[in-house]
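Here the structure is laid out as structure tokens; the discussion comes afterwards.
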Amino acid sequence: MLVFLTIAFSSQAQEQLETITIKTSIVCDHCMECDDCGFNIDTQVRKAPGVKKVKINPEESTVEVTYRTDKTTPDEIRIALSKSGFNADDVKADPEAYAKLDGCCKKD
């Protein structure tokens, strides 16, 4: 039993978490209530393996993501975010996903 617990704790100790802040293109003022914004962003970003936490800040147009460095990379997270129809730093929004957004979620 002691050996099992030692292995379990050592594997958890190796888990490296990092947090990145990604600049995005949120334009509506109600994104946390809108399925195309808040829910869609959260769902897409969590598809990247190892994502632990997603925090959307509509006032700053940023998404803060905490992730396991052994499971994913910042670039993979940016690509996942772009698949929700929003820019992610220098990664442009997926055109098909952007086309499906509500009008209030698109830039004029």
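The values are calculated or read from the model by the stated rules, or taken from the named source; none is laboratory data. Keep in mind the model is a prediction, meaning the values are calculated, not measured. Counting neighbours? That spans all protein chains shown, and the Cβs are built from the backbone with ideal geometry, glycine included. Just the protein is used for accessible areas: all its heavy atoms, side chains included, with ligands, DNA and RNA removed. Shrake-Rupley method; radii C 1.70, N 1.55, O 1.52, S 1.80 Å.
If R0 equals 30 Å, the separation of the Cβ atoms of GLU18 and LYS100 corresponds to a calculated FRET efficiency of about 0.45. Exceedance of the 24 Å cut-off in Cα-Cα distance is limited, within the set LYS71/LYS106; LYS71/LYS107; LYS23/LYS83, to LYS71/LYS106; LYS71/LYS107. In terms of packing, defined here as the mean over residues of other Cβ atoms within 10 angstrom, the peptides 77-90, 44-57 line up highest first as 77-90, 44-57. Residue order by solvent-accessible surface for ASP70, ASP94 is ASP70, ASP94, largest first, with ligands and nucleic acids left out and a 1.4 Å probe.
Taking amide H atoms as placed 1.01 Å from N in the peptide plane, the amide H of ALA88 lies under 5 Å from those of ALA93, each 5 or more residues away in sequence or on another chain.
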